[in-house]
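To start, the structure itself, in structure tokens.
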Amino acid sequence: RCCVTTDALTRSFGWTTGEQFQQQDVQECSAVIMDYLSRLAVGSPLGAHLHEHTGSTNRILRCQCGAERCREEAFRDLQLDVRDSSTGSPIGSVDRALAAYCATEIIEGVSCETCGEQRDHDKLLRFSQLPLYLPLVLKRFEMNWNTGQRMKISDWMSVPPRLDLASLVQLAGGEQTG
């Protein structure tokens with residue numbers, strides 16, 4: 001009988017002999033596979049379906065004068081914190097992790113291109129387009145700076161049967177959906 005090998009798949013990742021025996025992160029593996037399929041599928045029926053796995057965000061910098069700068073970025077998955085970065089306490093649910101992912105942050109002393117002053121700006125993220133398939137990656141490892149080791153976070157996270165992301169989506173022209 002003939003067996004199936006993974007030689008072609010391993011070569012497509014561009015891994016050296018040593019790298020193929022190292023544990024790879026599933027998210028990194030997914031990114032490599034999707035990039036490979038994107039290159040391979042140009043002009044094919046498969047290419048028409050790859051957009052179902054890609055969304056886009058607007059990263060917004062808003063001055064106190066009301067002026068906004070916006071940069072659009074594509075994504076294929078979201079990496080969500082399991083613990084609050086400022087307090088270290090468990091976030092507890094995917095809903096709260098998504099809210100934290102999109103939370104407004106204050107950036108001090110940014111020069112505004114519109115008013116010409118140096119002011120505090122709000123930095124926020126809104127989804128402009130959600131993919132049909134949205135992988136959520138829970139960041140379950142953190143660095144222990146005292147020992148220099150990565151530690152697994154075993155905090156409990158609730159996952160609702162349905163996610164309502166309407167309040168995190170911003171349509172063209174800045175209009176919120178929720």
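Numerical summary
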| quantity | calculated |
| --- | --- |
| Filtered residue count, segment 141-159, keeping only those that are part of a loop (DSSP other than H, G, I, E, B) and more than 17 Å from Y101 (Cα to Cα) | 8 |
| Residue list for segment 119-159, filter: exposed (fewer than 14 other Cβ atoms within 10 Å of the Cβ) and of a type in the set (G, A, S) | G148, S154, S158 |
| Residue in segment 83-101 that is under 17 Å from Q170 (Cβ atoms) and in a strand (DSSP E or B) present | no |
| Residue match in segment 15-36 (condition: at pLDDT 80 or above, of a type outside the set (A, V, I, L, M) and open to solvent by 60 Å² or more (accessible area, probe 1.4 Å)) | yes |
| Of all residues making up segment 66-118, the number that are open to solvent by less than 60 Å² (accessible area, probe 1.4 Å), over 22 Å from the mean Cα position of the chain (by Cα) and at negative phi | 4 |
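The values are calculated or read from the model by the stated rules, or taken from the named source; none is laboratory data. Everything numeric here is computed off the predicted structure, so don't read it as measured data. Neighbour counts are summed over all protein chains in view; Cβ atoms, including those assigned to glycine, are modelled from backbone coordinates with ideal geometry. Side chains are part of the model used for accessible areas, which takes the heavy atoms of the whole protein and leaves out ligands, DNA and RNA. Shrake-Rupley method; radii C 1.70, N 1.55, O 1.52, S 1.80 Å.
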